[in-house]
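Read through the structure below, which is laid out as structure tokens, and then see the notes.
The values are calculated or read from the model by the stated rules, or taken from the named source; none is laboratory data. Just so it is clear, the structure is predicted and the values come from calculations on it, not from any experiment. So basically every Cβ, Gly included, is an ideal-geometry build from the backbone, and we count neighbours across all protein chains shown. With ligands, DNA and RNA removed, areas are computed over all heavy atoms of the protein, side chains included. Shrake-Rupley method; radii C 1.70, N 1.55, O 1.52, S 1.80 Å.
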Amino acid sequence: MSPVAPDPLIEGYRRFRSQVWPAERARYEALAHWGQSPETMVIACSDSRVDPQTIFGAAPGELFVVRNVAALVPPYGPDSKLHGTSAALEFGVRALKVARVVVLGHGRCGGVRALAVGPPPQARDFVAAWVEVGKPALERVGSSDYERLEAEVVRVSIANLMTFPWIAEAVGAGRLAVQGYRFDIHTGALARIDPDRVTPIE
Ligand SMILES: [Zn+2]
């Protein structure tokens, strides 16, 4: 009988349980007792290399995160369809009352590449329609410079955030800030995406 290969998920859980949990137990117990009240919501890409909690050095309870292909925010459009990202926004902004929403784009994004050249042939049921959310960015800057396109896609998501009436209202009232960033996987560097410039974070 061959030995059962170790499951990296279970091995990771055991490290968490033996090394992390004893140090973090009080924090988890307080979060369980009092509930979560994260200050920041992050919309990030599902890409396995771009974990917001790691990049921002955040502890459990600090970030309310939704991840999807290309870190996109679709325009506000309540209807009977299933809107996972919009539902997370509604929960974070209206129920948890986060003070900041961050859109975190990144370099070498497969979702942005799908927007530029089409999705992989094996993944056309949903990816093609989803990445169309970023089409205004493609129309504005083209696909010759992916770094520029990735930043512009973040700007499209930020503009779409402002189509949600309760986000626009909260931003107008000074209760909510909206920010864009791009993480470069190759260098580990973060840059802030503003409407007119990209600024490296020192
Ligand atoms: Zn991505």
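Values for this structure:
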read-out: Carbon + sulfur, % of accessible area of the stretch 1-91 - ligands and nucleic acids excluded, 1.4 Å; value: 58 percent
read-out: The stretch 55-61 - phi-based ³J(HN,Hα) in whole Hz, Karplus 6.51/-1.76/1.60, Gly and Pro as x; value: 5, 8, x, 8, 8, x, x
read-out: Computed magnitude of the charge dipole of the chain (debye, nearest 20; Cβ of K, R +1, Cβ of D, E -1); value: 200 debye
read-out: Separation between Cα centres of the stretch 1-62 and the stretch 168-183, rounded to whole Å; value: 26 Å
read-out: Calculated P(r) of the chain - Cα pairs past 24 Å, %; value: 47 percent
read-out: Loop-located trypsin sites (Lys or Arg not before Pro) in the stretch 1-103, at most 14 other Cβ atoms within 10 Å (DSSP); value: Arg49, Lys81, Lys97
read-out: Whole-number D in µm² s⁻¹ for the stretch 44-162, Kirkwood Cα-pair radius fed into Stokes-Einstein, 20 °C, 1.002 mPa s; value: 144 µm²/s
read-out: Selected from Glu152, Glu29, Glu90 as most flexible by GNM, with the chain as the system and alpha-carbon contacts under 10 Å; value: Glu29
read-out: DSSP-assigned coil residues among trypsin sites (Lys or Arg not before Pro) in the stretch 156-202, each with at most 14 further Cβ atoms within 10 Å; value: Arg175, Arg197
read-out: Cα centre as origin, Lys/Arg/Asp/Glu Cβ charges: the stretch 93-202 dipole, Debye; value: 300 debye
read-out: Normalised contact order of the chain, rounded percent, pairs of Cα under 8 Å and 6 or more residues apart; value: 20 percent
read-out: For the chain, built as a Gaussian network whose Cα springs stay under 10 Å, the top-fluctuating residue of Glu147, Glu62, Glu11; value: Glu11
read-out: Candidate residues Leu138, Leu115: accessible-area rank, largest first, probe 1.4 Å; value: Leu138, Leu115
read-out: Residue (of Val178, Val154, Val141) at the positive-pole extreme of the stretch 122-194, dipole from beta-carbon charges; value: Val178
read-out: Dipole moment magnitude, nearest 20 debye, the stretch 1-101 about Cα centre, only Lys, Arg, Asp, Glu C-beta charged; value: 100 debye
read-out: Loop sites in the stretch 127-202: chymotrypsin sites (Phe, Trp or Tyr not before Pro), DSSP, at most 15 other Cβ within 10 Å; value: none
read-out: Accessible area (Å², per residue) of the chain, counting only protein heavy atoms and a probe of 1.4 Å; value: 60 Å²
read-out: Interchain or long-range residues, amide H under 5 Å from Ala177's placed H; value: Arg100, Val101
read-out: Beta bridge orientation in the chain: antiparallel %, DSSP, nearest 5; value: 30 percent
read-out: Listed residue (Thr199, Ala26, Gly110) projecting farthest to the positive dipole end of the chain, Cβ model; value: Ala26
